[in-house]
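These notes are about the structure you will find just below.
The values are calculated or read from the model by the stated rules, or taken from the named source; none is laboratory data. Everything numeric in this text was worked out from a predicted model, so none of it was measured. We place every Cβ from the backbone using ideal geometry, glycine too, and count neighbours over all the protein chains shown. All accessible areas refer to the heavy atoms of the entire protein, side chains included, with ligands and DNA or RNA removed. Shrake-Rupley method; radii C 1.70, N 1.55, O 1.52, S 1.80 Å.
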Amino acid sequence: MPSPFPSITIEDLCPCIDGGQVPIKRILGQCFLLEATIFKEGHEVVRALVKWRFKQSQQWQEAAMKALGNHRFQGSFPLSSIGITEYTIEAWGDVFDSWREEVQKKIAAEREDLEQEIAEGALLIQAASKRCQQSQDKKTLHNYAQYLAAISTPGMLKDFLANEEMLCLMDRYPDRSFSTIYEPLQKIRVDRERANFAAWYEFFPRSAEGKKESGSPFRNALARIEDAHAMGFDVIYFPPIHPIGLTGRKGRNNSLTCLAEDPGVPYAIGSFAGGHDAIEPLLGTLADFQWLMAQVKSRGMEIALDFALNCSPDHPYVKKYPHWFFCRPDGSIKYAENPPKKYEDVYPLNFYNPQWKELWEELLRVLCFWAKQGVHIFRVDNPHTKPVAFWEWVIARVQEQFPEVIFLSEAFTHPAMMKKLAKIGFTQSYTYFTWRNTKEELETYFNELSQSAMKDYFRPHLFPNTPDILPFYLQEGGRPAFLIRALLAATLSSVYGIYSGFELCENAAIPGKEEYADSEKYQFKERNWNAPGNIKPWITRLNHIRNTNRALQNRDRLQFCSTSNAAIIAYLRSCEEDNTHLLITVNLDPHHQQSAIVALPLDFLNIAHDRSYVMKDLLTGDSYEWKGSHNFVLLNPLTHPAHIFKIEKTGRDS
């Protein structure tokens with residue numbers, strides 16, 4: 001039983017986010033490591049243990065914490081269940097260990113009058129025997145108590161205090177009657193591996209065959225799935241697959257004039273065919289979608305669906321629940337706007353309407369409907385434009401029923417909101433990577449993501465392009481820019497993705513804007529999926545390197561190295577478990593060949609400064625012999641814009 005008052009100070013718990021209000025994010029099978037400062041008044045020996053349990057369990061598991069010195073303690077435990085794991089620390093002043101330490105000092109000082117100390121120790125061991133539940137341990141401790149009580153010389157007492165069996169039993173049955181338990185209970189959100197390591201491929205299923213005048217149904221999308229699988233992607237991400245409205249339907253290039261053959265924008269959800277729990281008839285039926293899901297699963301992949309809370313004027317909600325929308329003074333429903341853009345084909349939902357609970361419950365039902373179909377990844381469109389409280393509520397409710405579900409936040413907004421969405425439950429988050437191009441920008445941003453407190457709750461998902469965003473870097477840099485950004489995305493984070501057409505280096509834009517010309521949001525997209533100049537072999541190689549090197553499968557073991565040229569960035573990716581290190585050097589200039597001297601932290605790598613070592617380029621298979629901390633790289637953006645070096649033959653005796 002814990003003490004009725006705090007007998008121990010437990011503070012500076014690490015990791016800890018916002019005083020424990022925000023769960024730490026970890027992956028199933030990992031060992032969770034924590035530290036805390038633990039002390040009490042006086043000179044008593046302090047002991048501590050970490051306690052953990054799966055949230056639905058009442059039974060705590062325990063493991064002793066290790067004293068690191070200066071009152072700092074470290075503990076760890078395995079994460080064995082997807083969902084919420086709770087943990088805390090229990091600490092106490094150990095009366096027996098304190099007695100033992102004091103007696104050892106008196107023996108060392110050659111004290112002879114130890115009768116009272118011997119009697120005190122015998123009482124402590126006898127008390128421990130009474131705490132035993134195991135009969136043999138109870139008997140053994142009782143015998144030790146009697147033996148100690150009969151000891152008559154300091155020499156015998158010294159030998160007794162070193163008895164391993166006795167010490168082990170006393171460790172097993174400590175007196176915790178005045179222990180302190182750290183509050184509040186801490187939480188860890190444990191996710192499956194794909195939350196931490198995955199490669200996404202986004203495509204519009206209606207454009208799967210690359211036909212200009214007509215769309216493709218689900219059952220004709222398998223070739224696109226096969227191509228993505230061959231490139232090494234394991235998540236297929238679909239923009240909304242629901243019925244598209246007719247009222248206000250946009251034509252090509254966001255035109256207000258819509259021709260009969262124009263397919264409409266998938267984000268204008270809802271028609272006579274249904275709403276968010278229905279399938280666009282052009283794509284097929286729910287049975288067709290389930291068939292495609294099975295095909296994807298059989299290839300070791302899975303489908304992620306877009307959860308976009310947009311309703312066309314034809315959505316069933318508009319007629320059945322008009323109070324869920326924003327109304328103008330004349331009684332009409334207000335369409336969406338992001339000045340100067342107008343979205344006449346979309347009605348935004350009002351999360352603060354008088355019947356908001358009714359709306360929230362319906363959206364929960366929709367998510368659970370798709371989860372029951374086997375969809376366990378949702379990319380959420382613009383979550384920053386809906387109440388944070390809604391997302392915290394709905395994500396928790398969905399994951400209570402489907403713990404394996406992953407939520408990706410597509411929130412390109414201010415940092416505070418992006419961080420908040422990650423804290424309240426989103427599994428992964430889009431980032432500013434899309435607009436970080438220079439060495440300084442990349443280093444500053446990724447140091448924040450991997451070294452600050454963000455590393456414990458914000459999983460960065462890197463997309464170099466999206467259907468809405470064609471960065472100027474890709475517009476202006478040509479094919480080399482696509483090679484460079486693909487490599488950066490694949491190696492700076494363990495989760496990344498591309499939007500289809502990236503592998504073809506598509507970069508035709510609306511002049512002066514970061515938007516695609518002839519965007520497939522508004523039309524069927526004609527493509528030759530094997531067009532000359534494509535970078536599919538490059539992407540395939542990157543994904544193979546990711547899948548075969550554990551150093552690229554974590555988010556936080558990232559260390560930037562100095563270079564003599566700002567056009568070349570260099571960074572280490574490391575894996576403690578297999579003691580491997582990769583050095584990645586990238587030419588950030590898509591137009592010119594660049595060279596630099598790269599400085600390696602040899603002490604960190606355990607390489608002697610006077611020893612040579614081998615750098616094997618995983619992109620080409622070539623090997624180079626380096627010596628010392630400073631070495632030369634030359635990178636041509638047209639032919640070889642980067643190295644992914646595996647550092648071999650490391651070690652001071654190599």
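What full-extension length gain, to one decimal in nm, is calculated for residue 116 and residue 577 as 0.36 nm per residue of separation minus the Cα-Cα distance? Intermediate values should be presented prior to the final figure.
Numbers: separation 461, 0.36 × 461 = 165.96 nm, distance 5.10 nm.
Value of the extension gain: 160.9 nm.
Across segment 449-465, rounded Karplus estimates of 3J(HN,Hα) from the backbone phi angles (6.51 cos²θ - 1.76 cosθ + 1.60, θ = phi - 60°) give 5, 9, 10, 7, 4, 4, 4, 8, 9, 10, 9, x, 10, 9, 10, x, 8 Hz, Gly and Pro being marked x. Highest average first, the peptides 92-100, 66-74 ordered by how many other beta carbon atoms sit within 10 Å of their residues are 92-100, 66-74. For segment 317-467, relative contact order (Cα pairs under 8 Å, six or more residues apart, normalised by length) works out to 15 percent.
The fraction of all Cα pairs in segment 332-399 landing in successive 5 Å bins from 0 to the largest distance is 3, 13, 22, 24, 18, 13, 6, 1, given as whole percents.
Normalising the Debye intensity of segment 458-509 to I(0), with uniform scatterers on Cα atoms only, and taking log10 at q = 0.22 Å⁻¹ returns -0.75.
My understanding is that a pair violates if its Cα-Cα distance is over 21 Å; which of 51/423; 25/420; 55/357; 423/455; 341/513; 341/525 do that in this structure? Over 21 Å apart, Cα to Cα: 51/423; 55/357; 341/525. For residue 565, the residues 5 or more places off, or on other chains, whose built amide H falls under 5 Å of its own are 597. Once the convex hull of all Cα atoms in segment 325-364 is built, its volume per residue stands at 92 Å³.
Calculate the FRET efficiency for residue 272 and residue 623 from the Cβ-Cβ distance with a Förster distance of 56 Å, rounded to the nearest 0.05. Using R0 = 56 Å, I get an efficiency of 0.30. Spin-label model, residue 441/residue 222: points 7 Å from Cα along the beta carbon direction are separated by 4.3 nm. Here the accessible area of the chain is 51 percent carbon and sulfur, with a 1.4 angstrom probe and all protein chains present.
When averaged across all projection directions, what area in nm² does the alpha-carbon convex hull of segment 382-475 cover?
Working: hull surface 26.7 nm².
The directionally averaged projection comes out at 6.7 nm².
Structural size metrics of segment 134-243, computed from C-alpha coordinates, are Rg and Dmax of 33.8, 101 Å. Rg and Dmax of segment 398-540, based on Cα coordinates, read 16.3, 48 Å. Taking amide H atoms as placed 1.01 Å from N in the peptide plane, the amide H of residue 242 lies under 5 Å from those of 280, each 5 or more residues away in sequence or on another chain.
DSSP bridge analysis restricted to the chain gives an antiparallel fraction near 70%, rounded to the nearest 5.
Dimensions of segment 474-590 along the principal axes, based on C-alpha atoms and rounded to the nearest Å, stand at 49, 31, 24, largest first. Relative to the current alpha-carbon distance between residue 352 and residue 55, full extension at 0.36 nm per residue lengthens the span by 103.8 nm.
Taking amide H as placed 1.01 Å from N in the peptide plane, the amide H of residue 32 sits under 5 Å from that of 77, 79, each at least 5 places away or on another chain. Coordinate range of the alpha-carbon atoms in the chain per principal axis, descending: 104, 68, 43 Å.
When peptides 362-372, 323-333 are ranked by their average number of other Cβ atoms within 10 Å per residue, the highest-first order is 362-372, 323-333. A Förster radius of 51 Å, combined with the Cβ-Cβ distance separating residue 213 from residue 369, puts the computed FRET efficiency at roughly 0.95. Averaging over all projection directions, the Cα-based convex hull of segment 55-151 occupies 9.1 nm² in the image plane. The phi-based Karplus calculation (6.51 cos²θ - 1.76 cosθ + 1.60; θ = phi - 60°) puts the 3J(HN,Hα) values of segment 431-443 at 9, 8, 3, 3, 10, 9, 10, 7, 4, 5, 4, 5, 5 Hz, whole numbers, x for Gly and Pro. Each residue, residue 18 and residue 564, gets one label point 7 Å from its Cα in the Cβ direction; the gap between the two is 4.8 nm.
Per residue and in cubic angstrom, what volume does the convex hull of the Cα atoms of segment 309-428 have?
Working: hull volume 14.5 nm³, N = 120.
Expressed per residue, the convex hull around the Cα atoms of segment 309-428 is 121 Å³.
Relative contact order for segment 183-255: 32 percent, from Cα pairs under 8 Å spaced at least 6 residues apart, divided by residue count.
Per the helix-only calculation at 222 nm, which mean residue ellipticity applies to the chain, given -39500 (n - 2.57) for every DSSP H run of n ≥ 4 and division by its residues, nearest 500 deg cm²/dmol? The partial results should precede the final answer.
Values: 15 runs with 181 residues, N = 654.
It lands at -8500 deg cm²/dmol.
If one computes P(r) from the Cα atoms of segment 372-426, what percent of pairs lie at distances over 17 Å? If you can, show how the numbers build up before the last one.
Numbers: 458 of 1485 pairs.
Everything past 17 Å amounts to 31 percent.
Inter-label distance, residue 603 to residue 66: 2.2 nm, where each label sits 7 Å from its Cα along the C-beta direction.
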